[in-house]
Amino acid sequence: MEHTNIEKIRHSLAHIMAGAVREKFPNMKFGIGPIIENGFYYDFDDVEIKDTDLQKIQKEMKKLIQKNIDFEKEEISVTDAKKMFKDQPYKIELIEDLEKKEGIKTVSIYISNGFVDLCAGPHITNTKEINIDAFKLTKIAGAYWRGDEKNKMLTRIYGVAFETKDELEAYEKMLEEAEKRDHRKLGKEMKLFMISEEVGKRLPLWLPNGAFVRKKLEDYMYKTELESGYSFVYTPVLANKKLYETSGHLAHYKDDMYNPIDIEGEEYYLKPMNCPHHHIMYKNDGKSYRDLPVRLSDFSPIHRFERSGVLTGLIRARCFSQNDSHIYCRKNQIEEELLNVLAMFKKVYLDFGINDYWFRLSLPDFSNKEKFGDIKNEDLWKESADFARNALNKSGEKYTEVAGEAAFYGPKIDVQTKNVLGKEDTIATMQIDFYMPERFNLEFTNDKGEKERPVIIHRAIMGSFDRFFAFLVEKTAGNFPFWLSPVQIKVLPISDAHKEYATEIYKELRNSNFRVELDSNNESLGKKIRKAKMEKIPYLLVIGEKEVEEKTVTVESRDAGNIGAMNLEDLIQKLSEKNK
């Protein structure tokens, strides 16, 4: 694999950082130090590193870089490597794994300023290639050795690096903006949702404002899908072990499922997805070719055992509800159904003002035996991929193809976007599935009176409502469109003398079907405005002496700034149009 120059710089900085840490903590143990998006990290054990140490370590790194240190690669025997790293248990474990799994006899090491690391490389030739003003150590975190919660927690130091100082400064500005838009921060400020350790890690509690927005998302999708020929169902939150044996989830997905629950001597699992339940519903009565396509939709909650290290607010939670549907169709209906789903993606995202997305055709990587090793019919998978590719080409939508990202039961069309950190992320997906109809013995009677297998299209336009909600919060910075805002208008009387008129305004707006609040607290107007702006209220109506006398309101718009005085009738007409 070819590495870019900046990747070599980042990898080399990880080694330089490890050498600098060794200078300060000579007895610590080394984990690993790979490159990551925009930077690098290194894991350490038997050391207590504090945030206040980062500047000192960074300063030491710059000193080392300015020495113009060479990176020298050597190949040594496994026996010599074990001797060399005899006091480094994590390196010994890696060497023994390579020896056992790959049968290697030699390993490569890199030497820089006397610091020796087990490493395949590549690295830069000399530290003079590094711009000392274009990297920065960013944070300290805990990380399980090799990402396994059963292993020891190590200390991880993260850093970012670029080729120029301007790139680093641009990245830092992006991080500042991302912090402002973080849905966890805005969720607290806008009283949208909360997570309590008393309830459990990453089990969201939807507060009234957030619950309102989420219900609006559900109502929107319910209406959209009904108009597109979908039928809605409800499914329980757990199922018998046998169901997931049939579906293959216990074989392929068990690590992401909660432990079984014993109920009267039988094992039950919390539902990680709705598909198997829907397949059983499809089988409930006989189907003719005239009945197809059957489109089932389900907003029921599901539970997945996401590891603590990847939990990110509502984007990666342990309990959520998918905007989930399964289409059961004939083979000659696949392309039309795919095109309909692609059109629905476009409509929904346009309605929510999301236009910075593209599609990814996620294909299998048949060399990955762990994920795709039990695939019996590669031709069927290739046929599925052709259906997806043809539909994407006909739709005119832009897309990329990536191997290895398919589900265990079929290729996927994923909806990709950039999150607030500039990182590619998946909002939603659809999948073509020839696999489950066989496992569940799904059938319909064709026009010749013969039994035939349907094809399943798994599809989630919003992905999960929780995840889509988080993306929406971050993309809008919490500035929901007027129709979606939980509180649309806040009435702010300046003093007690203005409360009576403010209350009249409040009641008129309520009677006109706006979501409005009256802030009658005995606080200064400035404090009331700051609080309302933090809550991202679209319109603030200020009521003072002048407004009472002239029977007007002074309108402050979240998006357009100060609009000035308006009479209530004109304001109601203006905002009624927005509410549509």
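Laid out as a table, the results:
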read-out	value
1 or more residues under 38 Å from the mean Cα position of the chain (by Cα), modelled with pLDDT of 90 or more and of a type outside the set (A, V, I, L, M): qualifying helices (runs of 4 or more DSSP H) within segment 40-119	53-65, 89-102
Per-region count, segment 1-34, residues closer than 26 Å to Asp148 by Cβ and either outside any helix (DSSP H, G or I) or of a type in the set (Ser, Thr, Tyr) (or both)	10
Strands (runs of 3 or more DSSP E) completely within segment 483-580 that count 1 or more residues being closer than 28 Å to Asp219 by Cα, of a type in the set (S, T, N, Q) and not assigned by TED's automatic domain parsing to the domain that holds Arg214	553-557
Residue check for His303: in contact (Cβ under 8 Å) with a residue 60 or more places away in the chain and either among the β-branched types (Val, Ile, Thr) or on the phi < 0 side of the Ramachandran plot (or both)	yes
Qualifying positions in segment 145-198 - among the small types (Gly, Ala, Ser), farther than 29 Å from Phe30 by Cα and over 22 Å from the mean Cα position of the chain (by Cα)	Ala170
Hits in segment 511-529 (condition: under 19 Å from Thr552 (Cβ atoms) and free of Cβ contacts under 8 Å to residues at least 24 places away in the same chain)	Asn511
Residues (free of Cβ contacts under 8 Å to residues at least 24 places away in the same chain and either within 29 Å of Asn131 (Cα to Cα) or not in a helix (DSSP H, G or I) (or both)) located in segment 173-195	Lys173, Glu176, Glu179, Met194
Hey, Lys418 of a type outside the set (Val, Ile, Thr) and either more than 27 Å from Tyr253 (Cα to Cα) or modelled with pLDDT of 80 or more (or both) or not	yes
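Rundown of residues vs (1) of a type in the set (Lys, Arg); (2) within 24 Å of Asn419 (Cβ to Cβ); (3) modelled with pLDDT of 95 or more; (4) in a loop (DSSP other than H, G, I, E, B), yes/no style:
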{"position": "Asp219", "(1), (2), (3), (4)": "no, no, yes, no"}
{"position": "Glu245", "(1), (2), (3), (4)": "no, no, no, no"}
{"position": "Met273", "(1), (2), (3), (4)": "no, yes, no, yes"}
{"position": "His277", "(1), (2), (3), (4)": "no, no, yes, no"}
{"position": "Ser297", "(1), (2), (3), (4)": "no, no, yes, no"}
{"position": "Phe320", "(1), (2), (3), (4)": "no, yes, no, no"}
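The values are calculated or read from the model by the stated rules, or taken from the named source; none is laboratory data. Just so it is clear, the model here is predicted, and its values are computed rather than measured. Virtual Cβ from ideal backbone geometry, glycine too; neighbours counted across all protein chains shown.
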